[in-house]
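Taking it in order: structure first as structure tokens, then the write-up.
The values are calculated or read from the model by the stated rules, or taken from the named source; none is laboratory data. Since this is a predicted model, take the numbers as computed values, not measurements. In this analysis, Cβ positions are derived from the backbone assuming ideal geometry, glycine residues included, and neighbour counts consider all displayed protein chains. Just the protein is used for accessible areas: all its heavy atoms, side chains included, with ligands, DNA and RNA removed. Shrake-Rupley method; radii C 1.70, N 1.55, O 1.52, S 1.80 Å.
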Number of protein chains: 2
Amino acid sequence: MSLDVGARLRAVRQMYGLSQRELAKRAGVTNGLISLIEQNRVSPSVSSLKKVLDGVPMALADFFTLDLTQKPPVFFPREELTEIGAGRVGLRLVGGRLAKRSMAILHEHYEPGADTGEEMLTHEGEEGGVVVRGRIELTVGGETRTLSAGDAYYFRSSLPHRFRNLSREECEIVSASAPPTF
Amino acid sequence: MSLDVGARLRAVRQMYGLSQRELAKRAGVTNGLISLIEQNRVSPSVSSLKKVLDGVPMALADFFTLDLTQKPPVFFPREELTEIGAGRVGLRLVGGRLAKRSMAILHEHYEPGADTGEEMLTHEGEEGGVVVRGRIELTVGGETRTLSAGDAYYFRSSLPHRFRNLSREECEIVSASAPPTF
DNA sequence: CAGGAGCGTTTAGGATATTGAACACATGAG
DNA sequence: CTCATGTGTTCAATATCCTAAACGCTCCTG
């Protein structure tokens, strides 16, 4: 097992899409410490490392068990996608929540009448996708369009956005967001 | 998972029958540090903890995975004893090498002519046992006796000792040593 | 362009881990 | 008994970690 604590921490932090300051705040340490640890310029005490990992959260044992060298899998059979229940919107994540990646690929299923909620969504990064089946109403930055099979979208996620399936048939979308929100 | 690093380290160290100084020497740290860590008066840096565990040796992941609260198993079917090959002397350890215990119980089998070697054995602690089957010649501190089924022995392991099966049938012994040598 | 907000990095100084040497206690040998 | 050797613990000094604040950078907005 490589004891590159810095690389491990950086990998874990990025897996969760957190900035050094964000993680530091959750963990109750300073962003500087996170930086120094990730550069291996200090070897953190067990207690600080635990505090940091509690901010993720992740257990110390899991942290040291992580295999950074393993090649990520390439093929994901349907049954190996990670199901993320979200009411009447079915989300299947490609690659699992813990996989190290800079992007989240989702296979989304909107039941008739399903939507992403009253509140407009806003978060970091960018997202895009293609409608595979059915029709979906997409609102981004005040602009609303209805997309059909074959149509696509792409926008900065900081723009308020919402998905609604107003039709009578299920809508199926394949999307990607970076950095990964899930 | 309880993060009582001190208790964990003490447990691990004692599992291996090491003193603080012994472990410190192997690990390249001072005995004082081991003492302070075990009392939880300091939270060691990951690098020091790794150095310490390298002296055992044990991986960091295993260290944090250790479950100190689990009740040790009580019953050990024959096939669950840990086989310790030692030439023509068969040793079966009760409870596994990593189990936390202050004593090693062994089920020993001496083939005809088998012995514990030319050199007299000397080590820390005490040991005792009962001959279950066959006959064995036991030398302890210059005194030699031949024990038969039903006979027993007990001595301080610092006394030079040796076991030899001079008979034509296998000899079977159940023994205990504390602290555990294995 | 300036300004602001985000990012990771660096630095000085206070807090903490670690060392080296001493301590107190127990055991076995002479 | 004394001495030697083992154990774990403690303490002052030093090395290292950790914080708070600043820095440089990029990206976005006006």
Open item on the list: Give me the summed buried accessible area for the A-B pair, 1.4 Å probe, to the nearest 100 Å².
Closed with: 1100 Å²
- [ ] Please report, as a whole percent, how much of the solvent-accessible surface of segment B:5-65 comes from carbon and sulfur atoms (probe radius 1.4 Å).
- [x] 48 percent
TODO: Indicate the residues belonging to segment B:1-44 that lose 50 Å² or more of solvent-accessible heavy-atom surface (probe 1.4 Å) upon moving from the chain alone to the assembly of all protein chains, ignoring ligands and nucleic acids.
DONE: B:3, B:43
Open item on the list: Could you work out the relative contact order of segment B:5-65? I mean the mean sequence separation of Cα pairs under 8 Å and 6+ apart, divided by the number of residues, in percent.
Closed with: 37 percent
TODO: Give me the accessible area of residue B:107, 1.4 Å probe, in Å² rounded to the nearest 10.
DONE: 40 Å²
Open item on the list: Using each residue's phi in segment B:47-63, evaluate 6.51 cos²θ - 1.76 cosθ + 1.60 at θ = phi - 60° and report the 3J(HN,Hα) Karplus result to the nearest Hz, with x for Gly and Pro.
Closed with: 5, 5, 4, 5, 4, 4, 5, 4, x, 7, x, 8, 6, 4, 4, 5, 4
- [ ] With a probe of 1.4 Å, find how much accessible area segment B:5-65 has per residue, and write the answer as a whole number in Å².
- [x] 43 Å²
TODO: Could you list the trypsin sites (Lys or Arg not before Pro) in segment B:3-59 that lie in coil according to DSSP, counting only those with at most 16 other Cβ atoms within 10 Å of their Cβ?
DONE: B:41
Task: Cα gyration tensor shape of segment B:5-65, rounded if a/c is under 1.5, else prolate or oblate by comparing a/b with b/c - done: rounded
TODO: Any chance you could look up the accessible area of residue B:62 with a 1.4 Å probe, heavy atoms only, rounded to 10 Å²?
DONE: 90 Å²
